[in-house]
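Report on the structure given below.
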Amino acid sequence: MPLIVTKFGGTSVASAQLILDAAKRIVQIRRKNDVIVVVSAMGHTTDELIKLSNEITKNPRAREMDMLLTAGERISVALFTMALQRLNLKAISFTGSQVGIITDNRHTDARIIEIRGERIRNALNQGFVPVVCGFQGVSFEKEITTLGRGGSDTTAVALAAALDAQRCIIYTDVDGVFTEDPNRFPGVKKIDKISYEEMLELASRGAKVLHPRATGIGARFNIPIEVKNSFNNKPGTLITHINGMEHPKPKAITHSEGLYLITLVQVPKNPKYLSQITTELTNAGVHLKFFFHGISDAPRFDLSFITPLEERQLIKKIIGRLTKKLKIKEIKESLDICSLSIIGAGIGSEHKTLAEIFKELSKTKTHIEAVTTSELSINIFLKKKFLDKAVNSLLEKFQLKK
């Protein structure tokens with residue numbers, strides 16, 4: 001029979017009743033397919049475990065955090081397996097390490113190196129439904145690792161790729177992928193089909209419906225991914241290869257508010273300095289969303305970085321160490337920064353679209369701090385007070401609302 005990998009997010013398994021409801025979906029799928037289930041921790045379990053760790057120490061070791069956080073998924077897989085057994089399906093639970101999800105040794109943000117999968121294959125051959133912990137694996141040094149926030153998506157698509165599944169279904173609490181966040185911007189349209197490339201750009205720029213690493217794996221191994229609501233039977237969104245692109249136009253908008261802006265004032269213009277600063281930051285695991293320095297003939301320049309807000313303290317620690325060494329005169333920082341990204345294949349090189357965006361934003365008197373473009377997106381950085389009216393005006397302009 002064809003193999004389907006399913007994944008249920010935390011809101012889909014937040015209670016015993018919801019787990020039983022999700023298990024009934026698997027019973028239906030199992031009638032015509034072999035199926036693997038990947039589950040996240042129940043509800044807000046991961047957040048609660050992080051809160052507990054903070055009550056012990058503000059600086060826990062990453063290794064111990066991985067040991068702690070993987071407990072949430074183990075609870076979910078055991079309960080989900082019990083639910084399937086209650087519904088008369090043969091089912092067996094596995095941790096990430098038990099099914100051979102081998103990762104590098106970057107605790108709390110590991111990357112999958114390979115999936116061995118012998119135990120899953122054996123279980124499938126014996127007629128079992130394997131229920132697998134998402135979000136976790138094991139390094140070659142036999143250390144328990146986690147894949148970072150949203151890592152259960154990555155687990156599911158990686159298993160689908162490794163085991164030649166027909167498709168991967170991501171069950172969540174929304175009806176699919178929308179032209180913006182439907183909870184924040186009511187009336188936005190659901191997208192029936194979207195390319196891997198567009199979805200990867202959406203996810204990377206702030207859309208939380210699917211993890212970008214999961215999308216990347218799907219594209220690389222040509223695994224169709226379907227995003228569906230676990231609470232109804234409505235058709236979802238299919239993420240796949242799309243050939244014969246039509247005239248480039250905006251397909252969706254996404255935004256990110258959890259950003260941090262830091263500016264190094266009057267940095268000496270020395271190529272070694274820029275290299276040293278960026279190397280120090282990236283080696284420490286900082287995710288640089290944007291960096292820019294002015295173009296001029298002056299011997300010094302201002303250097304600005306935009307990063308995820310949760311990395312603020314790490315960045316300040318690194319920059320503080322470099323300040324005297326690189327003779328940086330002043331450091332400025334701001335939390336009043338967010339991004340707005342317009343996504344669509346080819347729109348970055350469609351000059352008319354860029355002009356239309358600027359014209360529309362000028363009508364709402366939106367002040368733009370910085371802009372970047374690519375073939376798939378136009379990314380605008382602005383102060384938070386402008387975000388809602390800017391997004392709403394662009395949704396209307398490009399007919400992305402009902």
The listed residue being in the same structural domain as Gly150 (by TED's automatic domain parsing) and either surrounded by 21 or more Cβ atoms within 10 Å (Cβ to Cβ) or within 16 Å of Lys142 (Cα to Cα) (or both), out of Glu55, Glu73, Glu48: Glu73
All conditions in (1) touching a Lys or Arg at 6+ places or on another chain (Cβ under 7 Å); (2) without any contact (Cβ under 8 Å) to a residue 40 or more places away in the chain are true of Leu314 except (1)
For Glu356, indicate whether it is in a loop (DSSP other than H, G, I, E, B), without any contact (Cβ under 8 Å) to a residue 60 or more places away in the chain and assigned by TED's automatic domain parsing to the domain that holds Leu259. no
Go through Leu281, Leu303, Leu335 for me and flag whichever is within 28 Å of the chain's Cα centre (by Cα), within 30 Å of Ile50 (Cβ to Cβ), of a type in the set (A, V, I, L, M) and surrounded by 15 or more Cβ atoms within 10 Å (Cβ to Cβ). Leu281
Residue check for Asp164: at pLDDT 95 or above, part of a loop (DSSP other than H, G, I, E, B) and closer than 28 Å to Leu124 by Cα: yes
Cβ-Cβ under 6 Å, sequence separation 6+ or interchain: first residue in the stretch 4-17 and among the hydroxyl-bearing types (Ser, Thr, Tyr), partner assigned to a helix (DSSP H, G or I). Which pairs? Ser12/Ala22
Looking at the stretch 15-24, which of its residues are under 25 Å from the mean Cα position of the chain (by Cα) and either of a type in the set (Lys, Arg) or part of a helix (DSSP H, G or I) (or both)? Leu18, Ile19, Ala22
When you go through (1) in contact with a strand residue (DSSP E or B) (Cβ under 6 Å, 6 or more places away or on another chain); (2) assigned to a loop (DSSP other than H, G, I, E, B) one by one for Val157, which number turns out not to apply? (2)
Which residue pairs have Cβ atoms under 7 Å apart, sit 6 or more places apart or on different chains, and have a first residue in the stretch 85-109 that is in contact (Cβ under 8 Å) with a residue 24 or more places away in the chain and among the acidic types (Asp, Glu) and a second that is surrounded by 15 or more Cβ atoms within 10 Å (Cβ to Cβ) and not in a loop (DSSP other than H, G, I, E, B)? Asp104/Ser139
Conditions first: (1) more than 27 Å from Asn283 (Cα to Cα); (2) of a type in the set (Val, Ile, Thr); (3) free of Cβ contacts under 8 Å to residues at least 60 places away in the same chain. Ile319 passes all but one, so which condition is the exception? (1)
Got at least one residue in the stretch 173-180 being over 30 Å from Arg116 (Cα atoms), touching a His at 6+ places or on another chain (Cβ under 8 Å) and touching a residue at least 60 places away in the same chain (Cβ under 8 Å)? yes
Can you work out which of the residues in the stretch 105-154 that are of a type in the set (Asp, Glu) and exposed (fewer than 15 other Cβ atoms within 10 Å of the Cβ) is nearest to Glu64 (Cα to Cα)? Glu141
Output for the stretch 359-402, where each listed residue is in contact with a His (Cβ under 8 Å, 6 or more places away or on another chain), outside any helix (DSSP H, G or I) and among the hydrophobic types (A, V, I, L, M, F, W, C): Leu382
Please tell me if Arg106 is within 20 Å of the chain's Cα centre (by Cα), modelled with pLDDT of 95 or more and either among the hydrophobic types (A, V, I, L, M, F, W, C) or over 19 Å from Phe8 (Cβ atoms) (or both). no
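The values are calculated or read from the model by the stated rules, or taken from the named source; none is laboratory data. All values reported here derive from a predicted model rather than from experimental measurement. In this analysis, Cβ positions are derived from the backbone assuming ideal geometry, glycine residues included, and neighbour counts consider all displayed protein chains.
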